[in-house]
Amino acid sequence: MRAVYVKKPGSLEVMELPAPSVGKGEALVRVRAAGICGSDMHIYHGTNPLAEYPRVIGHEFAGEIVALGEEATPGKQALSVGDHVAVDPVTSCGACYPCSVGRRNVCSRLKVFGVHQDGGMTEYVSVPAANAHVVPKEWSWEKAAMTEPFSIAANVLSRTECVASDRVLVMGAGPIGLTVLMGAVLIGARVAVADVLDSRLDVARKLGAELAVNSERQSLEDEMLKWTGEGVPLIVDAVCIPALFPSLLRMASPAGRIAHLGFSERPAEIIPLEITKKELSIIGSRLNCNMFPRVIEWFGKGLDPEKLVSHKFPFTEVRGAFDLIEEKPLETRKVLLTF
Ligand code: MN
């Protein structure tokens with residue numbers, strides 16, 4: 001079988017590898033579509049501190065079950081050969097403190113497909129049956145592969161308990177910001193989006209943003225005060241520039257929540273008084289914690305993830321796909337590989 005292989009930072013090739021066997025409790029998946037994520041680009045460039053090499057990359061993937069190992073019938077859901085599945089890339093130990101309190105996505109021994117173990121940009125991959133989530137057969141493979149990116153949105157909106165009466169400010173209209181926007185709109189919340197690129201703000205408006213603010217031309221803090229009168233109840237930061245953090249604290253309403261999705265290692269300045277006086281919740285959100293069923297439900301309720309797909313490439317052209325993302329960031333949203 002062929003797979004997208006990063007032997008070491010800076011190398012990216014389609015390699016012939018032995019096909020995996022299917023072990024006890026596992027499902028063998030014939031992959032049909034896989035999304036390219038910023039974190040895949042970082043593994044390729046050697047700028048993902050968590051990645052281990054060599055690596056078959058890809059953590060956003062979907063395909064068809066072609067074989068099942070013994071005892072591959074997790075929980076309520078019985079799997080069958082021929083099922084179409086979206087694969088949750090998060091695997092956890094089940095024994096550490098975070099696992100014991102139901103937070104498997106931050107497991108002390110966390111292993112993510114495509115990061116810490118070989119992933120989904122391959123023709124065949126064996127995954128724990130519990131990670132394979134059945135999707136309707138009428139869905140396109142592209143739609144099924146978008147489950148993982150939307151699980152990031154589902155996780156942050158779950159962690160922050162987003163409800164229909166919320167007003168949400170999404171910082172950043174890149175792929176992650178847009179998934180959060182679409183999720184919050186589906187929940188029924190009113191959503192504002194901030195970015196510095198008009199083309200991205202246009203997309204945000206089309207996807208349901210009530211307000212789209214170019215924070216380079218307008219004062220975002222003034223606009224948020226006008227919009228809410230008393231500060232923003234929920235801010236989701238998908239830009240994650242540490243220097244913006246004090247502004248988020250100022251924009252949040254009393255009793256507000258600020259969720260953070262970034263991986264910056266630079267410090268941010270925090271004025272503790274803002275947190276105490278307004279009793280703010282500052283919430284981290286990483287990957288997803290059992291959110292695939294919720295996202296599959298969202299897609300069934302009419303959230304159309306293919307609106308975020310801008311390009312598709314056969315996996316053999318992965319290099320061209322990576323080049324396009326880097327050379328034309330304004331024209332690309334989600335780029336998918338087909339297998
Ligand atoms: Mn991703």
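By how many degrees, between 0 and 90 and to the nearest 10, does the Cα long axis of helix 175-187 differ from the longest principal axis of the chain?
70 degrees
Taking the chain as a Gaussian network, Cα atoms linked when under 10 Å apart, which of 17, 324, 50 shows the biggest mean-square fluctuation?
50
Quote the Stokes-Einstein diffusion coefficient, in whole µm² s⁻¹, for region 231-296, based on the Kirkwood radius over alpha carbon pairs, a temperature of 37 °C and a viscosity of 0.692 mPa s.
The Stokes-Einstein estimate is 258 µm²/s.
Using every Cα-Cα pair within region 161-284, state what percent have a distance larger than 22 Å.
I get 27 percent for the Cα pairs in region 161-284 exceeding 22 Å.
Determine by what factor the alpha-carbon radius of gyration of region 30-77 differs from 2.2 N^0.38 Å, reporting the quotient.
1.54
Pop a pseudo-label 7 angstrom from the Cα along the beta-carbon direction at both residue 210 and residue 278 and give the gap in nm to one decimal.
Label at residue 210, label at residue 278, 1.8 nm between them.
Pulled fully out, how much extra length does the chain show between residue 73 and residue 222, if you take 0.36 nm times their separation in residues and subtract their Cα-Cα distance?
On the way: separation 149, 0.36 × 149 = 53.64 nm, distance 5.38 nm.
Gain on stretching residue 73 to residue 222: 48.3 nm.
Of all the C-alpha pairs in region 161-217, what % are more than 19 Å from each other?
Numbers: 271 of 1596 pairs.
Roughly 17 percent, rounded to a whole number.
Cα convex hull of region 84-129: how many Å³ per residue?
80 Å³
If each residue of separation counts as 0.36 nm, what is the full-extension length gain between residue 96 and residue 1 once their alpha-carbon separation is subtracted? Could you put the intermediate results ahead of the total?
Values: separation 95, 0.36 × 95 = 34.20 nm, distance 3.55 nm.
Between residue 96 and residue 1, full extension yields an extra 30.7 nm.
Among 223, 60, 71, which one moves the most in a GNM of the chain with springs linking Cα atoms closer than 10 Å?
71
Which value, in nm² and rounded to one decimal, describes the direction-averaged projected area of the C-alpha convex hull of region 111-193?
Quarter of the Cα hull surface area: 7.0 nm².
Can you list residues from other chains, or at least 5 along the same chain, whose modelled amide H is less than 5 Å from the amide H of residue 168?
Under 5 Å from the amide H of residue 168: 190, 191, 192.
Under the Karplus relation 6.51 cos²θ - 1.76 cosθ + 1.60, θ = phi - 60°, what is the ordered set of whole-Hz ³J(HN,Hα) values for region 230-243, x standing for Gly and Pro?
Working through the residues one at a time gives 9, x, 8, x, 9, 10, 10, 9, 10, 9, 6, 8, x, 5 Hz.
Please identify which residues in region 144-170 have an amide N closer than 16 Å to a label point set 7 Å out from the Cα of residue 50, following the Cα→Cβ vector.
148-156
Evaluate the distance, in nm, between pseudo-label points positioned 7 Å from the Cα of residue 312 and of residue 271 along their respective Cα→Cβ axes.
5.1 nm
Kindly state, to the nearest 0.05, the FRET efficiency for residue 17 paired with residue 243, given R0 = 30 Å and r defined as their beta-carbon distance.
For R0 = 30 Å, the calculated efficiency reads 0.10.
Hey, if you put +1 on the Cβ of every Lys and Arg and -1 on every Asp and Glu Cβ in the chain, which of 107, 85, 27 ends up farthest toward the positive end of that dipole?
Projecting each Cα onto the dipole axis, the largest value belongs to 107.
When the scattering of the chain is computed by the Debye formula from its Cα atoms alone, each counted once and equally, what is log10 I(q)/I(0) at q = 0.14 Å⁻¹?
The calculated log intensity ratios at q = 0.14 Å⁻¹ are -1.14.
When you take every Cα atom in region 1-110, what is the radius of gyration, and what is Dmax, the widest Cα pair distance, in Å?
15.7, 43
For region 1-62, what number results from the quotient of the Cα radius of gyration and 2.2 N^0.38 Å?
Ratio of Cα Rg to 2.2 N^0.38 Å: 1.19.
Once you've got the GNM for the chain with C-alpha springs shorter than 10 Å, pick whichever of 152, 241, 258 has the biggest mean-square fluctuation.
It is 241.
Compactness ratio of region 65-213: Cα Rg over 2.2 N^0.38 Å, N = residue count? Don't skip to the answer; put the middle values down first.
Details: Rg = 17.9 Å, N = 149, 2.2 N^0.38 = 14.7 Å.
Here the answer is 1.21, to two decimals.
Any chance you could check the Cα centroid distance between region 228-263 and region 9-35 for me, in angstrom?
About 39 Å separates the Cα centre of region 228-263 from the one of region 9-35.
Using helices alone, I'd like the mean residue ellipticity at 222 nm for the chain: each DSSP H run of four-plus residues gives -39500 (n - 2.57), total over residue count, nearest 500.
Counting only the DSSP helices, I get -7500 deg cm²/dmol.
Give me the orientation-averaged projected area of the Cα convex hull of region 272-339, in nm², one decimal.
Result: 8.3 nm².
Every read-out reported here was derived from the displayed coordinates using simple, explicitly stated rules and does not represent laboratory data. Fair warning: this is a prediction, and the values are worked out from it, not measured in the lab. Every residue, glycine among them, receives a Cβ derived from its backbone with ideal geometry; neighbour counts consider all protein chains shown.
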